Amino acid sequence: MSSHPSLATFVLGLFDLARLGLGADVERLAGRLGVEPALARRALAELDRRGFVDAERVRLTLLGLALASSLERERARGLVAPQALPAANERHAPGRAA
């Protein structure tokens with residue numbers, strides 16, 4: 001795995017751990033993705049800021065679960081996961097196209 005995985009990779013990593021019934025923590029997520037725990041912590045903090053993850057509990061939020069489900073469908077079709085994720089409030093902000 002690249003030393004700089006996308007934020008989408010972390011979302012899918014959490015989704016995979018949940019589907020496997022494995023408890024998620026920073027070390028397990030980092031190990032699964034082949035990154036340093038410090039990088040996983042930074043990614044979780046950014047995803048928390050955007051509303052996709054509860055970084056303290058190392059879990060997807062409902063919004064994150066919806067995103068992970070969508071990314072999983074793309075992954076199953078062989079499409080590359082997006083490199084950038086919108087902030088949760090960017091999806092329906094007034095004056096912006098959906």
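Only the coordinates and a few stated rules stand behind these numbers; no lab work does. None of the values given here were measured: they were computed from a predicted structure. Ideal geometry is used to build each Cβ from the backbone, glycine not excepted, and the neighbour counts take in all protein chains shown.
Computed on the stretch 1-73, with alpha-carbon pairs under 8 angstrom and 6+ residues apart, the relative contact order is 33 percent. Note on E46 and L79: the model spin-label points, each 7 Å out from Cα along the C-beta direction, lie 2.1 nm apart. Our coupling estimate for the stretch 15-26, obtained by passing each phi through the Karplus curve with A = 6.51, B = -1.76, C = 1.60 and θ = phi - 60°, is 4, 4, 4, 5, 5, 7, x, 9, x, 9, 9, 4 Hz, Gly and Pro reported as x. Taking the square roots of 5 times each eigenvalue of the Cα gyration tensor of the stretch 1-58, largest first, gives ellipsoid semi-axes of 14, 14, 10 Å.
For the peptides 19-30, 34-45, the ranking by mean Cβ contacts within 10 Å, running from highest to lowest, is 34-45, 19-30. Taking a ≥ b ≥ c as the square roots of the Cα gyration tensor eigenvalues, with a/c under 1.5 meaning rounded and otherwise prolate when a/b beats b/c, else oblate, which class fits the stretch 30-84? Verdict is oblate for the stretch 30-84. Evaluating 6.51 cos²θ - 1.76 cosθ + 1.60 at θ = phi - 60° for every residue in the stretch 46-58, the Karplus couplings come out as 5, 5, 5, 4, 8, x, 8, 9, 9, 5, 5, 8, 6 Hz, glycine and proline recorded as x. Highest-first packing order for the peptide set 63-73, 5-15 is 5-15, 63-73, based on the mean count of other beta carbon atoms within 10 Å. As a calculated quantity, the FRET efficiency between A38 and A18 at R0 = 25 Å, using C-beta atoms, amounts to about 0.65.
Here the spin labels are modelled as points 7 Å beyond Cα on the Cα-Cβ line, and at H4 and E27 they lie 2.9 nm apart.
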